[in-house]
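Coordinate-derived values only; no laboratory data. Please read all numbers here as calculations on a predicted model, not as lab measurements. Positions of Cβ are backbone-derived with ideal geometry, glycine not excepted, and every protein chain shown enters the neighbour counts.
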Amino acid sequence: MNQTYNPYDNVLKVVEDAASILGYTESDIEAIKYPERELKVSIPVRMDDGTTHVFEGYRIQHSTSRGPAKGGIRFHPAVNIDEVRALSAWMTFKCAVVNIPYGGGKGGVVCDPSKLSENEIRAITRRYTAAIAPLIGPEQDIPAPDVGTNAGVMGWMMDTYSMLKGHCIHGVVTGKPIELGGALGRNEATGRGVMFTTKNILSRLNIPVKGTTVAIQGMGNVGSITAKLLDKEGMKVVAVSDVSGAIYNPGGLNIPEILKYLSKDRRNLLENYEEEGMNRISNSELLELDVTVLVPAALENQINSDNADRIRAKVIVEAANGPTTSQADEILEKKGITVVPDILANAGGVVVSYFEWVQNIQSVMWTEEAVNEKLKNIMDPAFEAVWNIADSKHTTLRTGAYLIAVKRVVEAKAARAIWP
Ligand code: NAD
């Protein structure tokens, strides 16, 4: 099963499909098929037990054609160069589809934060930041949180970078603690964007929001906020999961209680959560539930050629990056399942990261209401544009999103021309 899965192949396939519909030649898109820069670093860390362990890390800039590279830092045992490459390219096209002035980048360290102490995580963060410092900066490449990292890690990155440069540089990372220039609303932004997108797609498909059933895979930053906001909107979240497995209640789960339990300790997992009427199921069973909306919010390659045939949801809203493979896309399209692609559905995070960077540069602070409203004002028109182009060209929403994004990236690249 999926032994040869390489997420970067998925990126190339969808870019090439969109380019051919746009009438581009191979030469028009040749340059955007390769990441601009790839840095691999070794990160020696003195562990709590006194031993030295060397971790492997990456920072990749896929494109800076439309602006500085932008994208998160992942701390996860499965991080590898192909994954970081794909994640960096998805950032390029995500920033393009919502039309914010950034290119795409991504970074990662091969480590398991659930098995590390806070001291060890901070040591990894500082040494990693020092190792990638030549590439990053508010005008070059701006990291943010991703799987396994959070505002705290961004605070340490900002401090390390500032110490190396000798002065305080807020704008080097986004998703920081509020005290360090973080944006109000950034923590909830990705999930909020997923909520706006879910409402938009339901409206287009004439499905009522109230009582519509939802299953969410992954209860980290993105999954938990998505669950909270969809529940608040009156949708019925019947299943959620994390790395320890899934819980399912056909009558609807008690989302506020689940969130309270998970937020008590970062090590709390759903396997120890209990509520009346719930059943335990596996993560693969969650994906195959008979629900209206399925929200993958964990990792790549979750819906693939092995299980796509068994997916019963009517709509998939991709909160994670790359949860659906190209082969699965074809199967889902034949089954009539609508997929709202990652580069659109989860763009809320990078949009508010952009707001944070803009505020940092100007040394101003916007209210949370203003941030949420500005986010909606970007997400809703971006959804409409993708829906309309997919409708007029008779393509999937993924191809529609790439039609917009690839065109913007290719045009920016062409306007700059190849240097020298
Ligand atoms: P996170 O580390 O906060 O949470 C990840 C969650 O997934 C955890 O609940 C973990 O237990 C769960 N998980 C891990 N492996 C799993 C598995 N095999 N099955 C089920 N659950 C599993 O990460 P996050 O920031 O919420 O990111 C989740 C996804 O959203 C990633 O694809 C990330 O790239 C994407 N994303 C994140 C942001 C952001 O702002 N954080 C923005 C856009 C996209």
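Quick one: which of 26-33, 62-69, 259-266, 293-300 comes out on top by average Cβ neighbours within 10 Å, and what's the full order, highest first?
On the way: 26-33: 14.6, 62-69: 23.5, 259-266: 12.9, 293-300: 25.9.
Descending mean neighbour count gives 293-300, 62-69, 26-33, 259-266.
Rounded to a whole number of µm²/s, how large is the Stokes-Einstein D of the range 270-390 at 20 °C and 1.002 mPa s, given Rh as the Kirkwood radius over C-alpha pairs? Don't skip to the answer; put the middle values down first.
On the way: Rh = 16.6 Å.
Reported coefficient: 129 µm²/s.
Mind checking the log10 I(q)/I(0) for the range 160-225 at q = 0.27, 0.28 Å⁻¹? Debye, one equal scatterer per Cα, no solvent, two decimals.
Result of the Debye calculation: -1.15, -1.18.
How high is the FRET efficiency from residue 418 to residue 82, r the C-beta distance, R0 30 Å, rounded to 0.05?
Numbers: r = 26 Å, r/R0 = 0.87.
Plugging the Cβ-Cβ distance into 1/(1 + (r/R0)^6) gives 0.70.
Please list, in chain and number order, the residues 5+ apart from residue 298 or on another chain whose amide H is under 5 Å from its amide H, with Hs placed from the backbone.
320
I'd like the Karplus ³J(HN,Hα) series for the range 139-145: coefficients 6.51, -1.76, 1.60, θ = phi - 60°, whole numbers in Hz, and an x wherever there's a Gly or Pro.
Residue by residue, the range 139-145 yields 9, 10, 6, 10, x, 7, x Hz.
For the charge dipole of the chain, defined by +1 on Lys and Arg C-beta atoms and -1 on Asp and Glu C-beta atoms about the Cα centroid, which residue among 100, 71, 223 has the Cα displaced farthest towards the positive pole?
100
Taking H placed 1.01 Å from N in the peptide plane, check which residues at least 5 places from residue 216 or on another chain put their amide H under 5 Å from its amide H.
239, 240, 241, 295
At a threshold of 8 angstrom on Cα-Cα distance, excluding pairs fewer than six apart, so keeping six or more, what relative contact order does the chain reach in percent?
Values: 866 pairs, mean separation 72.2, N = 420.
Relative contact order here is 17 percent.
Can you work out the Karplus-derived ³J(HN,Hα) for every residue in the range 357-368? Use 6.51 cos²θ - 1.76 cosθ + 1.60 with θ = phi - 60°, whole Hz, and x for glycine or proline.
For the range 357-368, the Karplus curve yields 4, 4, 5, 4, 4, 8, 6, 10, 9, 8, 6, 5 Hz.
If the label point is 7 Å along Cα→Cβ of residue 279, which residues in the range 312-333 have backbone nitrogen under 18 Å from it?
In the range 312-333, the label zone of residue 279 (backbone N under 18 Å from the point 7 Å along Cα→Cβ) covers 312-313.
Could you sort the peptides 86-92, 318-324 by per-residue average Cβ neighbour count (10 Å cutoff), highest mean leading? Write down the numbers at each step before the final one.
Details: 86-92: 29.1, 318-324: 26.1.
Per-residue Cβ counts within 10 Å, averaged per peptide and sorted highest first, yield 86-92, 318-324.
Between the range 86-157 and the range 269-348, what is the C-alpha centre distance in whole Å?
Centre-to-centre distance over Cα atoms comes out at 25 Å.
What fraction, in whole percent, of alpha-carbon pairs in the range 40-194 exceed 26 Å separation? Display every interim value, and only then the final one.
Numbers: 2446 of 11935 pairs.
I get 20 percent for the Cα pairs in the range 40-194 exceeding 26 Å.
Semi-axes, largest first, in whole Å: what does sqrt of 5 times each Cα gyration tensor eigenvalue give for the chain?
Values: eigenvalues 180, 151, 85 Å².
After scaling each eigenvalue by five and taking roots: 30, 27, 21 Å.
Once the Cβ-Cβ distance between residue 411 and residue 257 is put in as r, and R0 is 35 Å, what FRET efficiency do you end up with, to the nearest 0.05?
On the way: r = 49 Å, r/R0 = 1.40.
For residue 411 and residue 257, the calculated efficiency is 0.10.
Quickly rank 221-228, 150-157, 372-379 as a protection proxy: mean count of other C-beta atoms within 10 Å, highest first.
The peptides rank, most packed first, as 221-228, 150-157, 372-379.
What list of ³J(HN,Hα) values in whole Hz, one per residue of the range 237-248 in order, does the Karplus curve 6.51 cos²θ - 1.76 cosθ + 1.60 (θ = phi - 60°) give from phi, with Gly and Pro shown as x?
7, 9, 8, 9, 8, 9, 4, 8, x, 10, 10, 9
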